[in-house]
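Single-structure report; data block below.
The values are calculated or read from the model by the stated rules, or taken from the named source; none is laboratory data. None of these values were measured; they are calculated from a predicted model. Cβ placement follows ideal geometry from the backbone for every residue including glycine, while neighbour counts extend to all protein chains displayed.
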Amino acid sequence: MKIAVIGGGPGGLYFSILTKKAMPHCQIDVYERNKPDDSFGFGVVFSDETLGEFLKRDMQSYELIRSQFAYWDDIIVARDGQEVSIAGNGFCGCSRKTLLKLLHQRCREEGLNLHFEQNIDDISQYQEADIILASDGISSGIRTQFEKEFGTKISLKKNRFVWLGSTKPLDAFTYFFRSTPHGTIVAHTYQYEAGMSTWIFECSDETWQKHGFEVTNEADTIAKISEIFAAELDGHPLISNKSHWRQFPHVTNEKWYHNNIVLLGDAKATAHYSIGSGTKLAMDCAIGLSDAVIANPNNVQAAFEQYDKTRRNTVEMIQYAALVSLDWFENMDRHMQHPFYQFAFGCMTRSKKVTYENLRLRDKSFTDKVLAEFHQKTVIPSAVEGVAAFTKFRLRDLELQNRIVMSAMGQYSANDGKVSDWHLVHYGSRATGGVGLIITEMTAVSETGRITLGCAGIYTQEQLVDWKKITDFIHQNTQAKIGIQLGHSGRKGATKKPWEGVNEPIDLPWDLISASPIAFHEKMPIPKAMTLEDMVLITDQFIQATHNADQAGFDLIELQAHHGFLLASFLSPLTNIRTDEFGGSIENRLKFPLQVFTEMRKAFPPHKPMSVRISASDWAENGISEEEVIVIATAFKNAGADIINVSTGNTIAHQKPQVGRMWQTPFSDAVRNTVHIPTITAGYIQDIDQINTILLNGRANLVALGRPLLADANFVRHAQAYEQFEATDILNPYKAGSSHLYPLKAAERKQIEGMKKALKPKSNKKQ
């Protein structure tokens, strides 16, 4: 087999070493555009986990690399003179130049052919090769030549960064945050060899422009940065090496191979430097590709398919974590307002890979500081200062026993809009199960405001009476509170129940209305654009439903203005194309939903709170913007909303959401910490650890669960037992269960923590 490797970075070199070791008769030639001793950038970072993988694959490389690495276990977060050190983080750093030199040595030992100063623009001369490996970097000429075949997408991120070095010694990986008159600048810093450290400076484009930085003026950059970070540099100089200001390019490829060409490293996929995974990603994929080639020596296409199958999911997970981390740094000006330990905690948990529990196992002294600061800010003192999720929370006169909310989830089990024993058991069991606040399924304000024939309503006296049976049960038997979500289906109405056909119209649909005559999808009828008369009627229906909700004993009302339903259809530019006073600008698109809310607020007792649920993203091109979301949330706040329930999506059928753990929390973060109003967040939140993490880093005030509470009515009780939190609201008939549950969950937690500790690789730090 003949293999031509275009690009002699760490990924290409490591692939060549591993493949040549296993297939000694294979001819591998590496072509690198630079000289052997050229290198751009300063240090590279690996985790203990990654270094451990090198140990398994090639002992010789491992020993060479290990001998040259600088190690640290601590991460320091510093902000304007304050700092905290967090222990238990195993990392190592090495000079990129040294790493390449060591890999060159291993290539020669294995009999590989290294060709330097070879700038490859035309790959036709290598067509006889069985494999052409394109590892030619972030601006890959080979990938560019076949970008349609690869399905290449490149997006430049907002922040500016510049990669510098220094002689400043560092004992830990350190984030230095510095406030300036023009915004925040952060330095990502780490030592990679004796007497040398990497310093990556990052700021928003606005901050960059106001400081008067220039892209290629290295002397000017060093002079200005050195002055801003004089205390941190402590007299040590900054060093440049083609250190130009850039915007990070996020690179993805739908296909990783084309004919005999396969992508590797930054040519294939990039991961933001804030999670230190660029070189790791390249070398891990080098391992995956080498394994695939070795397993399929006579079938290159099968090898490429295996490579894609075994590595794509991991790569996409790392890229997702990197994007989430990047988002935090793009909004660091917003986070700077937080108290220091909350800020540091947010920095540590920004990618969602690390959680409160992870950090507590690594450095309990740090998480204790975070918790103490959280409890100092809590308006209602807790009897036990230990678990963020189980602290009280107040909205107007409504006091919640904990921060866990049951999200609005359709049951589609009503008859003529009337709830039944099913709903009594459904909501009652979650209340006895310890949920702080229940928000009912979307409850229609009119018969034609229902989504399905099985949806609940509160537009008749009979419906009101049936709802009151449920609120009375909850209030008489539990400490849980219950709110009702009032809404109108709009263009998404008259559909079958989900188990009968998702978003499929019923046989005899009623006439639909919306902001504009745009069907939700091709199977749904085109709705009528609402007239002024329609708006008056709908507003009156919401007002009457508000009165009914109060009489039915609900503690809170949530207005449904999300997921593309009637009021939401006015807010999104994808569903509102009106040319009158209710269309166009976000201020105009807000008028009708805001009018409805204002009238509801007047009709609802002033001591009872109101929530508004919004979609903060349409997950589609030309959808609602973050700036518009802030305008929306601010307007509802000024109109008397007490809390914003921040959701996303479901506005249009062809959305493309980026789903993952806690995936909607950044949107809640943006609203809460820009508009300065309490928020509820939701979205693939699965356990008490994630809930505590969200609350402690200030992304939301309340956390809503959907499917976890569908699966387990006693989710909260299990979480309380897991945390060994002594709940005071367990009903007398159920108290005996604690003697079983609490020891069981204590043992389970011990086992989980043991597994987490065992999964952490043994440090490769030299003794």
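Scanning the stretch 331-359 for residues being more than 20 Å from residue 178 (Cα to Cα) and of a type in the set (Phe, Trp, Tyr) gives a total of 1.
Taking the criterion of being basic (Lys, Arg), surrounded by fewer than 18 Cβ atoms within 10 Å (Cβ to Cβ) and on the phi < 0 side of the Ramachandran plot, the residues of the stretch 387-435 that qualify are 392, 394, 418. None of 438, 380 is free of Cβ contacts under 8 Å to residues at least 60 places away in the same chain, crowded, with 22+ Cβ neighbours inside 10 Å and not in a helix (DSSP H, G or I) except 438.
Looking at the structure I just gave you, is residue 492 within 30 Å of the chain's Cα centre (by Cα) and either among the basic types (Lys, Arg) or not assigned by TED's automatic domain parsing to the domain that holds residue 714 (or both)? Judged against the criteria, residue 492 is a match. Looking at the structure I just gave you, is residue 677 assigned to a helix (DSSP H, G or I) and either crowded, with 24+ Cβ neighbours inside 10 Å or touching a helix residue (DSSP H, G or I) at 6+ places or on another chain (Cβ under 7 Å) (or both)? No: the conditions fail for residue 677.
When the stretch 238-265 is filtered for residues that are within 23 Å of residue 323 (Cβ to Cβ) and at pLDDT below 95, only 265 remains. When 263, 281 are checked against the criterion of being surrounded by 21 or more Cβ atoms within 10 Å (Cβ to Cβ) and either touching a Leu at 6+ places or on another chain (Cβ under 9 Å) or more than 24 Å from residue 143 (Cα to Cα) (or both), 263 stands alone in meeting it. Scanning the stretch 339-364 for residues that are assigned to a helix (DSSP H, G or I) and either of a type in the set (Phe, Trp, Tyr) or without any contact (Cβ under 8 Å) to a residue 40 or more places away in the chain (or both) gives 340, 341, 343, 345, 356, 360, 364. Just so you know, in the stretch 104-119 the residues that are part of a loop (DSSP other than H, G, I, E, B) and touching a strand residue (DSSP E or B) at 6+ places or on another chain (Cβ under 8 Å) include one that is surrounded by the fewest Cβ atoms within 10 Å (Cβ to Cβ), and it is 118. Among the residues making up the stretch 589-617, those that are part of a helix (DSSP H, G or I) and in contact with a Ser or Thr (Cβ under 7 Å, 6 or more places away or on another chain) are 595, 596, 599, 600, 603.
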